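These notes concern the structure reproduced below.
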Amino acid sequence: MSDPFFDLTENSTWNACIGVQGHPLHYADGYLEAAIELADAILQKKLFGKRDTLVLPILYNARHAVELTQKFVIATLHQSGALAQSAPIDHNIKAHWTRLNDKAIGDEALRAAILALEPYVMSLARVDDDGQSLRYAVRQDGQKSMEDKWLANIL
């Protein structure tokens, strides 16, 4: 049986690099680009009927991109000696943001980028503090995901 995702065809036009050719930033960029492309498709093509089904993948992809980017920055700062420890292996985007924000990182551009992320991190952390609620209708603890939210603004 052939593998529909990983068996390559003779036409290599659409073969994408993954695995050992990948890089942590490729993952972060990919999730962010996926969120942007989905949101743009809804808005540009006026896909009103798909907004309710695509909003959660949009938000999850954005959240995961933020998480991966934070972990990459923390790991890079750790490797350079600017942070004593690397990022913990968890999904707590608020804790990662706080860790970056609380450090007196001297680079002004990096500090500005960290501060600019705050409203997005805090919003996403409120609805999905551990990476479950945007992926599953019911959390591992049996609670309905995002039961206190009714609408999300795709724009």
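Once C-alpha pairs closer than 8 Å and six or more residues apart are averaged by separation and normalised to the residue number of the chain, the relative contact order reads 20 percent. Between the amide H of Ser145 and those of Val138, Arg139, distances stay under 5 Å, these residues lying 5 or more places away or on another chain, with hydrogens modeled in the peptide plane. Per-residue 3J(HN,Hα) values for region 4-21, derived from phi via the Karplus relation 6.51 cos²θ - 1.76 cosθ + 1.60 with θ = phi - 60°, read x, 9, 10, 7, 8, 9, 5, 7, 8, 3, 10, 6, 10, 6, 9, x, 4, 7 Hz in sequence order (x marks Gly and Pro). Within the chain, the longest segment free of exposed loop sites, counting chymotrypsin sites (Phe, Trp or Tyr not before Pro) that fall outside DSSP classes H, G, I, E and B and have at most 10 other Cβ atoms within 10 Å, spans 7-149. Computed from phi, the 3J(HN,Hα) profile of region 130-137 under the Karplus parametrisation 6.51, -1.76, 1.60 (θ = phi - 60°) reads 10, x, 9, 5, 7, 9, 10, 5 Hz, with x in place of Gly and Pro.
Entry note, the chain: the mean residue ellipticity at 222 nm calculated from DSSP H runs of n ≥ 4, each adding -39500 (n - 2.57), is -18000 deg cm²/dmol after division by the residues and rounding to the nearest 500. Panel values: region 1-119, Kirkwood radius from alpha carbon pairs, Stokes-Einstein at 20 °C and 1.002 mPa s, translational diffusion coefficient 127 µm²/s. Here region 1-60 is treated with +1 on each Lys and Arg Cβ and -1 on each Asp and Glu Cβ, and its dipole about the Cα centre works out to around 380 debye.
Helix screen, the chain: DSSP H segments with Cα axial length of 24 Å or more and mean Kyte-Doolittle hydropathy at least 0.0 are 24-45, 51-79, 108-127.
Taken together, the values in this text are just the output of simple stated rules run on the coordinates, not laboratory data. Predicted model, so just to flag it, every value in this text is computed and none were measured. A quick note on method: Cβ atoms are made from the backbone with ideal geometry, for glycine too, and the neighbour counts reach across all protein chains shown.
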